[in-house]
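Quick one: the structure is below, questions incoming.
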Amino acid sequence: MASTKCPECGSLKLIRDYEKGEVACSQCGLVVAENIADEGPEWRAFDSEQREKRARGGAPIKYMRPNKGLVTEIDQYNRDIRGARISSKKQAQLYRMRKWHKRASIASSMERNLAIALSELDRIASYLGLSDDIRESSALLYRKCIEKGLIRGRLIESVTSAVLYAICRKYGIPRTLDEISKVSGIEKKEIGRAYRFVARELDLHVPLTDPKQYVPRFSASLNLSGKVQEKASELLKKAEKKKLVSGRGPTGVAAAAVYIASAIAGERRTQKEVADVAGVTEVTIRNRYRELKKELELKVNL
């Protein structure tokens, strides 16, 4: 292995010249090592299209695909390499090959389970507007559930929803059980039960939901300004210091803070408007509003 320090002058600034196969010191010019191997590709590419064509490493692993994207596929075009249509006899042969290839790809019960679960996970994530990174993390967690045997005896949809909820909480993405329940069609109680089971069995350390994460969403849905968001976040920070947040639903506390901040900033919204956006009842907002007003000594009349 080539040295990382010049033995002559002690300089750390070494230059690797792959054309000459040498490592030289930039300070004194001493050749530190020679005949070094170029670990890069043996081909050159002048644009991104050439780079994709000439690379032989393949695409990265995708946990959202049942086979992780590491399998060959037979396309549906029925055309040869020049683009001409192939004969009907060849088409029938390719049809049989596709059919058996598909059957072989999902031969075991685990593979069938993954095929169903990952398509459901992708559907829910699409409705909730979640990124590819969240989908990949959720798919990886679901695979861990299968490896540990946590799926047996439970609905695939409930475990999928629970896994997605856990990842959203882990990465601080404000998605509630109510939202996931509405999209997945599974009862909130069932998703919560599956979530607690998965978190316990896999020893997941999921942080508590921060009410401040919901403020931008609620404010945007109510067409409120950045001033309201800032004020609501400030109220929630004060509430956290006085421990008014623990033991209460984060959406209810966040909704009450937005409700109060909108009145203070002169952009008042009604309790019903805020409740509809937050997915809580008007009674919840009233209760949280009274608590915040009393404990934070707010001088606001609504």
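Quick one: length gained pulling Tyr18 to Lys148 fully straight, 0.36 nm per residue minus the C-alpha distance? Don't skip to the answer; put the middle values down first.
On the way: separation 130, 0.36 × 130 = 46.80 nm, distance 4.83 nm.
Full extension of this stretch gives 42.0 nm more.
Pull up the cross-link candidates among the lysines for Lys90, meaning alpha carbon to alpha carbon under 17 Å and not fewer than 8 places away within one chain.
Of all the lysines, those that pass the test against Lys90 - Cα under 17 Å, at least 8 places apart if same chain - are Lys99.
Need the full-extension length gain, Ser119 to Arg248, defined as separation in residues times 0.36 nm minus the C-alpha distance. One decimal, nm.
Here the segment from Ser119 to Arg248 would lengthen by 43.0 nm.
Under the classification rounded if a/c is under 1.5, otherwise prolate if a/b is larger than b/c and oblate if not, where does segment 63-126 fall, given a ≥ b ≥ c as square roots of the Cα gyration tensor eigenvalues?
Prolate shape, in that a/c is at least 1.5 and a/b is the bigger ratio.
Pairs Lys227/Lys293; Lys62/Lys182; Lys144/Lys170; Lys189/Lys243; Lys170/Lys212: which are spaced more than 21 Å apart, C-alpha to C-alpha?
In this structure, Lys62/Lys182; Lys189/Lys243 exceed 21 Å between Cα atoms.
Points 7 angstrom from Cα along the Cβ direction at Asp203 and His101: gap in nanometres?
Label-label distance for Asp203 and His101, simple model: 4.3 nm.
Here is a further query. Find how much the distance from Asp276 to Ser88 grows on full extension, using 0.36 nm per residue of separation minus their present alpha carbon separation; answer in nm with one decimal.
Difference between extended and current length: 61.9 nm.
Which whole DSSP H helices in the chain pass both tests: a Cα extent of 15 Å or more along the axis and a mean Kyte-Doolittle value no lower than -1.0?
Those that clear 15 Å and a mean of -1.0 are 109-128, 132-147, 156-170, 250-264.
Another question about this same structure. List the relative contact order of the chain as a percent without decimals, with contacts defined as Cα pairs under 8 Å and 6+ residues apart.
Values: 314 pairs, mean separation 26.6, N = 302.
Relative contact order for the chain comes out at 9 percent.
Taking Lys102 as the anchor, which aspartates and glutamates have their alpha carbon closer than 15 Å to its alpha carbon, excluding any fewer than eight residues away along the same chain?
Qualifying aspartates and glutamates at Cα under 15 Å: Glu73, Asp75, Glu111.
Can you give me the Rg/Rh ratio for segment 71-225, using Cα atoms for both radii and the Kirkwood formula for Rh?
Details: Rg = 20.4 Å, Rh = 18.1 Å.
We get a ratio of 1.13 for segment 71-225.
So, one more: Only four residue types carry charge here, +1 at the Cβ of Lys and Arg and -1 at the Cβ of Asp and Glu. Report the dipole size of the chain about the Cα centre in Debye, rounded to the nearest 20.
My answer is approximately 1360 debye.
What is the order of His205, His101, fewest Cβ neighbours within 10 Å to most? Don't skip to the end; give the middle numbers.
Numbers: His205 7, His101 14.
By the 10 Å Cβ count, ascending: His205, His101.
Which order results if Met97, Met64, Met110 are arranged by neighbouring Cβ count within 10 Å, fewest first?
Met97, Met110, Met64
Of Tyr63, Tyr171, Tyr165, how do they rank once you tally other Cβ atoms within 10 Å and put the fewest first?
Tyr171, Tyr63, Tyr165
Sticking with this structure for a sec: From the mean inverse distance of alpha carbon pairs (Kirkwood) and the Cα radius of gyration, derive Rg over Rh for the chain.
Taking Rg over the Kirkwood Rh, I get 1.16.
Any read-out appearing in this document is the output of simple, stated calculations on the displayed coordinates, not a laboratory observation. If you're wondering where the values come from, they're calculated on a predicted model, not measured in any experiment. A quick note on method: Cβ atoms are made from the backbone with ideal geometry, for glycine too, and the neighbour counts reach across all protein chains shown.
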